Amino acid sequence: MTIANTEPQSAFVPATEPRTHTIPFGRPMIGPEERAAVADVLASPTLTHGPKMRQFEQDFAAFTGAPRAVATSSCAAALQLGAMALGIRLGDEVVVAAQTHTATAHAIELCGARCIFADSELETGNVDPDAVEAAITPGTAAIAIVHYLGYPAAMSRILAIAKTHGVAVIEDCALAPGAMIDGTHVGLLGDVGCFSFYPVKHITTGEGGMLITRRPAVADQVERLRAFGIDRNVVDERQIPGMYDVQQLGMNCRLNEIGAAIGVEQLKKLPEFLSIRRRNFARLRNALRDVPDIRVIGADSASPAGNEEALGDDASAHACYCLSILLDEGIRAERDRIIESLGRAGIGASIYYPRPVPLMSYYRNKYDYHPDAFRNAVAISDGSIALPVGPHIGAQDVDAIAAAVRAAVAECRE
Ligand SMILES: *Cc1c(COP(=O)(O)O)cnc(C)c1O
């Protein structure tokens, strides 16, 4: 049998298809508010370049505390535009977390730069600052990190390394809205932070993304790059319609008004979604505490953000995208069997990510990386199971997931 949901892209089970899982890994939470907002846009003459995009940007800036937020067509687009705006180009090297979504690395390669991958910490899945430091060379232009599954990366050390070497920091915050470090929202610690509104993320716009930054010049440049490199935007800078100049290359990576209108409504619900996620995460973690041979990534470590309070609203908050368990070495080979067994119990588990990015064929063929260079990232790809904690599930579902994991792990130890 094939394992369902081995990739984040396939984790969303559309409502129109027969439910293969009684507890899907993720499900978009769309209500009457989103439907009404979309109907309003469709009844208006403005489907793109409009007030909803600006409102969504302002609301997202307010939510994160960012001076500037720029909406894009996806997180991948935000990452690429961010890298371009930071001046990443042909011949540059960028140190990239090995254990992440391929979009973090593709953004760099699409600028013509080379990814130099750095291994993860086994405890959190986040990039290991020692590995980042070791990968820096005189050719390094930036460091691109991910807040793995919503758990904040070790930013104070990463920023110190970046400062020492005078390089920029790109934060992939796709799974981290609501994640804070000492009261600062992630995405505002480095030079740019990029978020995703893909259907199974914390909030959705169908497809969509957002870039936040403290640097006004970077925000201005991202705004131009997302609309063909045109020097004036349509919404508030063009006195005579159709009058503009083009001084550079750019793409079309705008978020349309339909998506933006959905985003405005979703963002109002985000605090509630986050509190459900954190509650589900804490309950599942507690229920799994005495299951032998597993540990919870990003929660059972001794690091300051890994403590009990990190699951509340304190200074170092975890965005709790999912709860990923790492199987101990003795049972790691049974990972796929455990996922199949969870599938039979009606639980939609997933894997983040199926291989470290440097071992995906494109990167492996290009750079000839050896798996031994990324032992921790490989262990996580081969030995972890991501379990749902989203707002589509409640306490009873969490208890059912815990019982199914306990049974599946016991079964494979027989
Ligand atoms: C989902 C995801 C992306 C890609 O987001 P899109 O909006 O689909 O482009 C990038 N990085 C991470 C960590 C993700 O989880």
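The values are calculated or read from the model by the stated rules, or taken from the named source; none is laboratory data. Every value quoted in this text rests on a predicted model; they were computed, and no experiment measured them. Cβ sites come from the backbone with ideal geometry, for glycine too, and all protein chains shown count toward neighbours.
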Taking the stretch 200-225 as the search range and keeping residues that are within 16 Å of the ligand (Cβ to nearest atom) and in contact with a strand residue (DSSP E or B) (Cβ under 6 Å, 6 or more places away or on another chain), which one is modelled with the lowest pLDDT? Val200
Tell me, please, whether a residue that is touching a Gly at 6+ places or on another chain (Cβ under 9 Å) and surrounded by fewer than 20 Cβ atoms within 10 Å (Cβ to Cβ) can be found in the stretch 66-88. no
Working only within the stretch 159-173, note down all residues that are within 13 Å of the ligand (Cβ to nearest atom) and assigned to a loop (DSSP other than H, G, I, E, B). Cys173
Report, ordered by the first and then the second residue, all pairs with beta carbons closer than 8 Å, sequence separation of six or more or different chains, a first member in the stretch 174-196 that is outside any strand (DSSP E or B), and a second member that is within 12 Å of the ligand (Cβ to nearest atom) and polar (S, T, N, Q). Ala174/Ser196; Leu175/Ser196
Scan the stretch 269-278 and give yes if some residue there is within 16 Å of the ligand (Cβ to nearest atom), modelled with pLDDT of 95 or more and in contact with a Leu (Cβ under 9 Å, 6 or more places away or on another chain), otherwise no. no
Of all the residues that make up the stretch 122-148, how many are part of a loop (DSSP other than H, G, I, E, B), within 16 Å of the ligand (Cβ to nearest atom) and in contact with a strand residue (DSSP E or B) (Cβ under 8 Å, 6 or more places away or on another chain)? 3
Is it fair to say Val186 is within 15 Å of the ligand (Cβ to nearest atom), out of contact with any Pro (no Cβ under 8 Å at 6 or more places or on another chain) and hydrophobic (A, V, I, L, M, F, W, C)? no
Scan of the stretch 319-359 for residues that are polar (S, T, N, Q) and within 16 Å of the ligand (Cβ to nearest atom), ordered by number: Ser324, Ser350
What are the residues in the stretch 58-112 that are part of a loop (DSSP other than H, G, I, E, B) and within 14 Å of the ligand (Cβ to nearest atom), if any? Ser73, Ser74, Ala98, Gln99, Thr100, His101, Leu110
Could you list, in sequence order, all residues of the stretch 373-414 that are basic (Lys, Arg) and in contact with a helix residue (DSSP H, G or I) (Cβ under 8 Å, 6 or more places away or on another chain)? Arg406, Arg413
Six or more apart or on different chains, Cβ atoms under 7 Å: show the pairs whose first residue is in the stretch 38-58 and more than 15 Å from Glu265 (Cβ to Cβ) and whose second is polar (S, T, N, Q). Leu47/Asn256; Thr48/Asn256
Going through the stretch 189-199 in order, the residues found to be within 10 Å of the ligand (Cβ to nearest atom) and farther than 19 Å from Arg277 by Cβ are Cys194
Test each condition in (1) in contact with a Lys or Arg (Cβ under 8 Å, 6 or more places away or on another chain); (2) farther than 17 Å from Ala83 by Cα for Asp191 and report the one that comes out false. (2)
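Yes/no matrix, rows are residues, columns are (1) part of a loop (DSSP other than H, G, I, E, B); (2) loosely packed, with under 14 Cβ neighbours inside 10 Å:
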| residue | (1), (2) |
| --- | --- |
| Thr205 | yes, no |
| Leu211 | no, no |
| Ala217 | no, yes |
| Gln221 | no, no |
| Arg224 | no, no |
| Arg232 | yes, no |
| Gln239 | yes, yes |
| Tyr244 | yes, no |
| Gln248 | yes, yes |
Checking Ser156 against (1) more than 13 Å from the ligand (Cβ to nearest atom); (2) touching a residue at least 40 places away in the same chain (Cβ under 8 Å); (3) more than 23 Å from Ser74 (Cα to Cα), which single condition isn't satisfied? (2)
Suppose the filter is touching a residue at least 12 places away in the same chain (Cβ under 8 Å) and surrounded by 19 or more Cβ atoms within 10 Å (Cβ to Cβ); does Glu272 pass it? no
